[in-house]
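Data block below; observations after.
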Amino acid sequence: MDNKDSEAEIHPLKTEDVKAQENHENFVERRIVKSSGLSRLSRWRTAAFFISLFLCLIIVFAFSFIIPCPERPVSERTWFRYYNDAVPYQFLAIEDVNEDKVQDVLFAFKSSNGSSSFNRSCLDEGLPSPCAFVAAVSGTNGSVLWESPAAEDVQWLQCGIQQLGTAEAPGCLVVGKPLSLIAIDLQTGEVLWRESGDFGANYTLLTPLSVIPDVDNDGVQDLIIFITKGGQVKTFIHSGKTGQQIGSTGSLTVDGNARYIRLDLRSSSYFLFYTENSLYAYSLKDLCSAAVGMEIKLPGLQQDPQWEKNIDHTTHRLSLLRFGDFRYLAKVPGPSQDNILVVNSEMATLINTKDLHTVWTLNVSRALSEPLLGYYKPDVLGIVLESEIGPNRKKVMIVESGSGAVQWDLKLNSGAGSPGPATLSTADHRSAFLIWGDYQEPGNETRERAPLQKLYLFHPSYSNVLLELRNSTDQIIAFTAVLFERSRHACYVLLRGPQPGEGPGPVSLMKRKLKEDVSGSRVIWLSHMAGDSEQYIRDRLYRMRFQSRV
């Protein structure tokens, strides 16, 4: 020990060097150990990265090459469906039956047998032959999706009802004659329920039928049906689940043959029945409570205080509206709720439904068709009115809904039974207007012959131009225009054949893409203006895009 102390005293720095050396060796050893741990962690991170990358590549490969993408249906530009020895009914409904995101066509005809696609007969459903068939036709190619023998005869067909029976898909309701209610599954054509009834003789069915809240608490919305008979409106409420009548039959006294519209306010619904001389208003709450025999409290079954003040509760006449000679009532969307357009033999009047005051009036003589909505200016709602101005002559007007100002008008020759107009919304927030008639240039009118049925296209971007799309000499039973796919594929549908009451004959259903007729159309100048050529206008309207409105 003395030697060590002596050594330390003689060489004091040597001891410090030894300690420093030992500390350095320990630090290097710890660093090596730490570096080794980081190295192992880095290798795990690298492995995880490459495994993730590999899995991503597998998923991309699977979705790109192995799992097939859903094929978008290819729609034919034009298709036809023919039936022999049949009589069509004046119904056309547009719904997506097979859920391929392309609209399909539903219609009804009377025949002994269906098409060769299904080989179904009236006897299959226990019906006498001939009978009424309801058919669904694919909007893509015109193939028959289903056909269903429904009734001996059809008074009314209404499709797109969201709940019928226990089916999850929407359905169609057929009102047969002799009286029967038939619910049909929209997707399969199968009968969900069939309910017989008795409205008696000499009655008129008021259409369309109305869907109301679930009155009998069976989880399915219900139906209210009106008929007129002997100066009365009879009210029937039927279960949407079974078709059976709920409660008793109601009776409303009116002074003639009535028609009606349904007006949905914020928290209430009113049914407006109008005859030639009077207008009556009944709340949905009153009608349901009268049928069931007790007060019903359901959402949407309230009464509007302002309307109740203006209804005579003895006669149910709407006291503020004394126009007379009613031709049509129509709902026109307003800023917060629908307004009412009243059309009689001399004028059209828009009524604000909040306080029942008159917004505007416009001279309109002898209206020929129900008012139609469209857009002449971007996002400014307009109303299409057709009025008779002489023998086989009519005037078509587009009226701004807010002010009643006439934005555009056209005079045409028009025969009896000419189809009404149609509109299609375009991507510039306006509408394309489809109008039937026979345009005669000023100075070339020929009154000797019967007017031809010609289909014209008008778009507000060319207010001085009409496009003549097609001529038709066949009897047109029903006509509509629709976007078969969302914001694209603008088409019109024609149902042609014998008129109701005539003997059976050939029936044709046609869908035609609008652009096909635009490209080969004839340009008619309503007023001559220097500028664009006819071909330029065709090309411009051919490239026109369409837009679905909610």
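Any idea which of Val482, Val518, Val493 is among the aliphatic types (A, V, I, L, M), closer than 24 Å to Arg549 by Cβ and part of a helix (DSSP H, G or I)? Lay out the reasoning, then the answer.
On the way: Val482 fails: part of a helix (DSSP H, G or I); Val493 fails: part of a helix (DSSP H, G or I).
From the options Val482, Val518, Val493, the qualifying one is Val518.
Name the strands (runs of 3 or more DSSP E) wholly within segment 107-223 that hold at least 1 residues that are farther than 25 Å from Val482 by Cβ? Please lay out each step first, then the result.
Working: elements: 131-137, 144-151, 154-161, 171-176, 180-185, 191-196, 204-212.
Output list reads 131-137, 144-151, 171-176, 180-185, 191-196, 204-212.
Is there a residue being within 23 Å of the chain's Cα centre (by Cα) and among the small types (Gly, Ala, Ser) anywhere in segment 522-529? Walk me through how you get there before you give the answer.
Filtering segment 522-529 for residues within 23 Å of the chain's Cα centre (by Cα) gives none.
Looking through segment 522-529, none of the residues is within 23 Å of the chain's Cα centre (by Cα) and among the small types (Gly, Ala, Ser).
From the list Asp474, Asp517, Asp539, the one residue that fits, being surrounded by fewer than 17 Cβ atoms within 10 Å (Cβ to Cβ) and modelled with pLDDT of 90 or more, is Asp539.
Looking for something open to solvent by less than 10 Å² (accessible area, probe 1.4 Å), touching a strand residue (DSSP E or B) at 6+ places or on another chain (Cβ under 9 Å), closer than 14 Å to Leu265 by Cβ and part of a helix (DSSP H, G or I) - is there at least one such residue anywhere in segment 277-290? The answer is yes, given that some residue of segment 277-290 is open to solvent by less than 10 Å² (accessible area, probe 1.4 Å), touching a strand residue (DSSP E or B) at 6+ places or on another chain (Cβ under 9 Å), closer than 14 Å to Leu265 by Cβ and part of a helix (DSSP H, G or I). So, in segment 477-495, exactly how many residues are at pLDDT 95 or above and either open to solvent by 20 Å² or more (accessible area, probe 1.4 Å) or of a type in the set (D, E, K, R) (or both)? Residues flagged as at pLDDT 95 or above and either open to solvent by 20 Å² or more (accessible area, probe 1.4 Å) or of a type in the set (D, E, K, R) (or both) within segment 477-495 amount to 4. State whether one or more residues within segment 507-520 are touching a residue at least 24 places away in the same chain (Cβ under 8 Å) and in contact with a helix residue (DSSP H, G or I) (Cβ under 7 Å, 6 or more places away or on another chain). Within segment 507-520, one or more residues are touching a residue at least 24 places away in the same chain (Cβ under 8 Å) and in contact with a helix residue (DSSP H, G or I) (Cβ under 7 Å, 6 or more places away or on another chain). Against the test of being open to solvent by 50 Å² or more (accessible area, probe 1.4 Å), over 28 Å from Arg470 (Cα atoms) and of a type in the set (S, T, N, Q), the options Ser365, Ser401, Ser345, Ser336 yield a single qualifying residue, Ser336. Among the residues of segment 309-328, is any open to solvent by 20 Å² or more (accessible area, probe 1.4 Å) and among the small types (Gly, Ala, Ser)? Scanning segment 309-328 turns up at least one residue that is open to solvent by 20 Å² or more (accessible area, probe 1.4 Å) and among the small types (Gly, Ala, Ser).
Suppose the filter is open to solvent by less than 20 Å² (accessible area, probe 1.4 Å) and not in a helix (DSSP H, G or I); does Leu509 pass it? Criteria met by Leu509. Among residues of segment 217-242 that are in contact (Cβ under 8 Å) with a residue 60 or more places away in the chain, those with a Cβ under 6 angstrom from a residue that is part of a strand (DSSP E or B) and among the polar types (S, T, N, Q), sequence gap 6+ or separate chain, pair up as Ile224/Ser210. The residue pairs whose first member lies in segment 264-275 and is assigned to a strand (DSSP E or B) and among the polar types (S, T, N, Q), whose second member is surrounded by fewer than 19 Cβ atoms within 10 Å (Cβ to Cβ) and modelled with pLDDT of 85 or more, and whose beta carbons are closer than 6 Å, counting only pairs six or more residues apart or on different chains, are Ser268/Gln303. Applying the selection to segment 207-252, what residues are in contact with a Leu (Cβ under 8 Å, 6 or more places away or on another chain), among the β-branched types (Val, Ile, Thr) and under 21 Å from Leu192 (Cβ atoms)? Listed by number, the residues that qualify are Val211, Ile212, Val215, Val220, Ile224, Ile225, Ile237. Being assigned to a strand (DSSP E or B), under 23 Å from Ser345 (Cα atoms) and without any contact (Cβ under 8 Å) to a residue 60 or more places away in the chain holds for only one residue in Leu385, Leu469, and it is Leu385.
A residue that is under 23 Å from Arg262 (Cβ atoms), surrounded by 14 or more Cβ atoms within 10 Å (Cβ to Cβ) and more than 29 Å from the chain's Cα centre (by Cα) cannot be found anywhere in segment 377-390.
The values are calculated or read from the model by the stated rules, or taken from the named source; none is laboratory data. As the structure is a computational prediction, the values presented were derived from the model and not from experiment. Heads up, the Cβs are rebuilt from the backbone with ideal geometry, glycines too, and the neighbour counts pull from every protein chain shown. Each accessible area value is taken on the protein alone, full model and side chains, heavy atoms only, with ligands, DNA and RNA left out. Shrake-Rupley method; radii C 1.70, N 1.55, O 1.52, S 1.80 Å.
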